[in-house]
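Structure incoming, see below.
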Amino acid sequence: MKIRSLAVPPSDAEVDAWRAVLAAARAADLPGRTGPARVEVAGRLQVAPARGRAALWADGDGRGVAGLLLFTDGANDHTAFLDVLAVRPDARRRGVGTALWARVREELLAQGRTSVSAVLDAGGPGEAFARSLGFEDVLPMAWYAQELPELPELPELPEVPEVPGGPETGPGYALHCWPGLSPDGHAASLAAAHGAMEDAPSGDMDEKVVSWTADRLHAAQRLVLDRGGRFLTVAALTPAGEVAAYTELVLADPEGTRAVQYDTVVVPAHRGRGLGRAVKLRMLAEARLRHPGLRYVDTTVADENTPMRALNEALGYRRERGAAVFQLRL
């Protein structure tokens, strides 16, 4: 069986072959869900990641693909992320996945990595294969989806709670929406707010939280844009202009019907004031206005993150399927 390494970036023909494998696998594993758009696949394969180096492999007969992200951010040079290992349904149980994994493992060891992780759907063929290799579930989670109403007009925008103490002590928070790169004047504050993610559930993951700076923030946002996607940030600002809460939305395919909500963070000093709900509601309204074809917003939440699960349920998110971060120590 011939497994070949792909040049990075791969050719357009290789992108099309890769997408065909993913589309076939998704049709079998997630009935009713369409395969990834070409712009999404081409972006991920042909634009270099911001946090590391990509390594790509494909079966010579177009039956399977594998993609690995080798972190080079200084904090996680000991680990890596298996972004994809997919095999066409009609070629499964014929050694294709095993051969691809052998090349992935060879690369991990050659680069001195001591662990690797992947995000997999619960109960699917990916989980079964990963467990057979020794991967363990280190962070149970689930995918949730919010179906947006088909309204041509902008829904009513939520009010933002005032700072406790009333009008005598000053005005309340203000909501702002930034498409694309966050403004330079707020990037440092938004990066500092990212630090509040350090108390989010992480299970037994070997990957360490990296320190965020304005430059790192812009690099992550620019990556989405360079890959052909769209990026929206909604932030609640204090009267002094500091970011108290934010949420992010990514459309990997701007013409598609689904988007993914990334981080939602409320800085500890501002919790308990409804800011998480406010930024999420504003994001849904902005997304529907700016992208009329959008119908669903997807997000993941760790099972142990009870407050966020409760908030999402109150906003209309419904659990679609279980998932988890799986990790293997080499």
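One quarter of the convex hull surface, Cα atoms only: what value does that give for region 25-95 in nm²? Present the calculation step by step, with values, prior to reporting the outcome.
On the way: hull surface 24.0 nm².
Computing the convex hull of the Cα atoms and averaging its projections yields 6.0 nm².
If you don't mind, another one. To the nearest 0.05, how large is the calculated FRET efficiency for Thr213 and Ser132 if R₀ is 41 Å and r is the Cβ-Cβ distance?
Values: r = 40 Å, r/R0 = 0.98.
Taking R0 as 41 Å, the efficiency between Thr213 and Ser132 is 0.50.
Suppose the Debye formula is applied to equal point scatterers at every Cα of region 90-141; what is log10 I(q)/I(0) at q = 0.27 Å⁻¹?
Computed log10 I(q)/I(0) values: -1.19.
Still on this model: For the chain, what's the relative contact order in percent, using C-alpha pairs closer than 8 Å and at least 6 residues apart? Working shown, then result.
On the way: 635 pairs, mean separation 73.0, N = 330.
22 percent.
Would you please put 137-144, 48-55 in order of how densely packed they are, using the mean number of other Cβ atoms within 10 angstrom per residue and starting with the highest? Write out the running numbers ahead of the final one.
Numbers: 137-144: 18.9, 48-55: 17.0.
Output ranking for 137-144, 48-55: 137-144, 48-55.
Then there's this: Expressed as an acute angle from 0 to 90° and rounded to the nearest 10, what is the orientation of the C-alpha long axis of helix 306-315 relative to the principal long axis of the chain?
70
Roughly what percent of Cα-Cα pairs across the chain reach past 35 Å?
Numbers: 12232 of 54285 pairs.
Summing the P(r) tail past 35 Å for the chain gives 23 percent.
Given Cβ point charges of +1 (Lys, Arg) and -1 (Asp, Glu) and nothing else, what value in debye, to the nearest 20, does the dipole of region 211-289 about its Cα centre take? Provide the component values of the computation, followed by the final result.
Working: 11 positive and 8 negative charges, 60 e Å.
Its charge dipole is roughly 280 debye.
Let me ask something else about it. Which value at 222 nm does the chain reach when only helices count, each DSSP H run of 4 or more adding -39,500 (n - 2.57), with the total divided by all residues and rounded to the nearest 500 deg cm²/dmol? Walk me through the numbers before you get to the answer.
On the way: 8 runs with 101 residues, N = 330.
Rounded to the nearest 500, it is -9500 deg cm²/dmol.
Also, quick follow-up: From zero up to wherever the largest Cα-Cα distance of region 229-330 sits, split into 5 Å bins and tell me the percent of pairs in each.
2, 11, 21, 21, 18, 13, 7, 3, 1, 0
For the chain, what proportion of DSSP beta bridges, expressed in % and rounded to the nearest 5, is antiparallel?
95
No lab work stands behind these numbers, since they all come straight from the coordinates. Since this is a predicted model, take the numbers as computed values, not measurements. Positions of Cβ are backbone-derived with ideal geometry, glycine not excepted, and every protein chain shown enters the neighbour counts.
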